[in-house]
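The values are calculated or read from the model by the stated rules, or taken from the named source; none is laboratory data. Treat the numbers as computed from the prediction; the structure is a model and nothing was measured. We place every Cβ from the backbone using ideal geometry, glycine too, and count neighbours over all the protein chains shown. All accessible areas refer to the heavy atoms of the entire protein, side chains included, with ligands and DNA or RNA removed. Shrake-Rupley method; radii C 1.70, N 1.55, O 1.52, S 1.80 Å.
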There are 2 protein chains.
Amino acid sequence: MRPDAETVVGVVGLGAMGGRLADRLAGEGGRVLGHDPFGGTTEAERVDDLAALVEAASVLLLVLPTAAAVRGVAAELAPLVGPDHVLVNHSTVAVRDAVALGSLAGTGCRVLDAPFSGGTESAVAGTLTVFAGGGPDALRAAGPVLAAYASRVVACGPLGAGTTVKLLHQHLVAAHVVAAAETVRLAGAAGLAETDVAELLAGTAADSTMLQVLVARLAEGPGPVRGSTRILHKDATLVAEFAESLGTRLDLLPAITRILAGHLGTADADRDIATLAHDA
Amino acid sequence: MRPDAETVVGVVGLGAMGGRLADRLAGEGGRVLGHDPFGGTTEAERVDDLAALVEAASVLLLVLPTAAAVRGVAAELAPLVGPDHVLVNHSTVAVRDAVALGSLAGTGCRVLDAPFSGGTESAVAGTLTVFAGGGPDALRAAGPVLAAYASRVVACGPLGAGTTVKLLHQHLVAAHVVAAAETVRLAGAAGLAETDVAELLAGTAADSTMLQVLVARLAEGPGPVRGSTRILHKDATLVAEFAESLGTRLDLLPAITRILAGHLGTADADRDIATLAHDA
């Protein structure tokens, strides 16, 4: 299912991820408008004025790097949106920030929190998984647009539930990345080619998606940053805050967060997570 | 490929794993002799005297729980084995202990270190992965026997290399089990059904074999112990000693080992690793 020709999609945030979503939607033949005061890249049509974008578009996608950016855009959007709009927040924020977007429902605007599993490559390929929280009306209205870049949309529950699942996801991703990086280093010390590790262990009890991803990126060598250590550390911190808000003590996460934090002061911080396999 | 009718296989150690290997080999129609001074269960023919087993069998499988047991059996075997024998050590021990079995090569005996990925269920189904270290002659001689219970035999390198890969494997298994257990607890605290976690995250960047295994066992409820916390802790300790012997500092492993150790004094220690998802 694809967005029909009359649906105009507005993408707010044209960084690596938002830009690729806008490109993919434009490639499907729909009308796509992009907005980003800080630049970003897309082949879709740019609109500098947010009010003009909201005037033209009925489905609004937020693809922003921080909770502060989401809050800022939400405040700008509040007087502009109404019952004809569906707002889809693809940004990873705290659960309370995802739920707070529900205040826009007072204007009649339908709202989804809808973070992704998958990076820019999956966006280009249209194989993202979307963890969606929000009412069935909002999900139905956004569905054809999501289908343009996601191969799977998981209905997780009410607003905030998509973000809850995304945080569980990031807890595992962070653990698997750090474990894979450490295993690759140990393999190297034991005299194995680090890139052999993924193939030796493929399909066994030791396998994980991130093991395969990390080793594949190591084998490719330096390339585009498809997920930075800084972003993974930010997400691990969100998980820690979430657990604390629930009164749940986690034992593994502090070690993971500390290991990621140890790379923040180095050149690795904004490099791909695959660089964690090498000493900072 | 299966062992030919003239190959007699001797299984030393008839615990949960060794017993299932003996059963499976017997089920393939070959002659299988089992030896275990401490009991164990198998439908294969039992031989109380190790010398009598070595006299009759040409392929000897060690399936023992500890390095001490492997060393003890190796000392007993040394004067008994010769060029007609292939010794396959399936037990998980330290790399130096796996390599030490090479001293039997002085008697002409061919030796493999060949730990598994997979538990008793895989043994019954014949879908184990074997990480094999040792010379091509030994691997060729043991191959038809291994094929009776392993769907994949990975030739890892010289004697000790199979154990090296197994320790890398166990490092990841331990990390993935602890991370999965912690994620399931967090999901429960967030109001999700703990058993939903695996399906929500299946196929995403957060997925791992052990996530799926752990949640499946939680969903089944109490059943046979297919991998205990005590054994996983033992293996994690072997990984730590291996890293130390290589002069490699690991940052994540101490946290994992500490979390596993925290369950050793409890009823959980000898229960299935799935119980790590619940408070000790």
Condition set over 15 Å from A:M17 (Cβ atoms) and within 14 Å of chain B (Cβ to nearest Cβ), scope the range A:132-151, selection nearest to the chain's Cα centre (by Cα): answer is A:A132
Residue within the range B:162-178 that is of a type in the set (V, I, T), facing another protein chain (nearest Cβ under 10 Å), more than 28 Å from B:G126 (Cα to Cα) and surrounded by 23 or more Cβ atoms within 10 Å (Cβ to Cβ) present: no
So, in the range B:11-36, how many residues would count as being open to solvent by less than 40 Å² (accessible area, probe 1.4 Å), of a type in the set (D, E) and touching a Pro at 6+ places or on another chain (Cβ under 9 Å)? 0
Some residue of the range B:104-113 being within 30 Å of B:D251 (Cβ to Cβ), surrounded by 19 or more Cβ atoms within 10 Å (Cβ to Cβ) and facing chain A (nearest Cβ under 8 Å): no
How many residues are crowded, with 19+ Cβ neighbours inside 10 Å and in contact (Cβ under 8 Å) with a residue 40 or more places away in the chain if we restrict to the range B:144-156? 4
Among residues of the range A:119-134 being out of contact with any strand residue (DSSP E or B) (no Cβ under 6 Å at 6 or more places or on another chain) and over 19 Å from A:L167 (Cβ atoms), the residue most open to solvent (accessible area, probe 1.4 Å) is A:E121
Please go through the range A:88-143 and pick out each residue that is touching a Ser or Thr at 6+ places or on another chain (Cβ under 7 Å) and among the charged types (D, E, K, R). A:D113
Being open to solvent by 20 Å² or more (accessible area, probe 1.4 Å), at the interface with chain A (Cβ under 7 Å from one of its Cβ atoms) and under 26 Å from A:A240 (Cα atoms) narrows B:A202, B:A190 down to just B:A190
For the range A:198-278, list the helices (runs of 4 or more DSSP H) that sit wholly inside it and hold at least 1 residues that are in contact with a strand residue (DSSP E or B) (Cβ under 7 Å, 6 or more places away or on another chain); which are they? A:209-220
Taking the range B:206-259, which residues are more than 7 Å from chain A (Cβ to nearest Cβ), of a type in the set (D, E) and over 19 Å from the mean Cα position of the chain (by Cα)? B:E220, B:E244
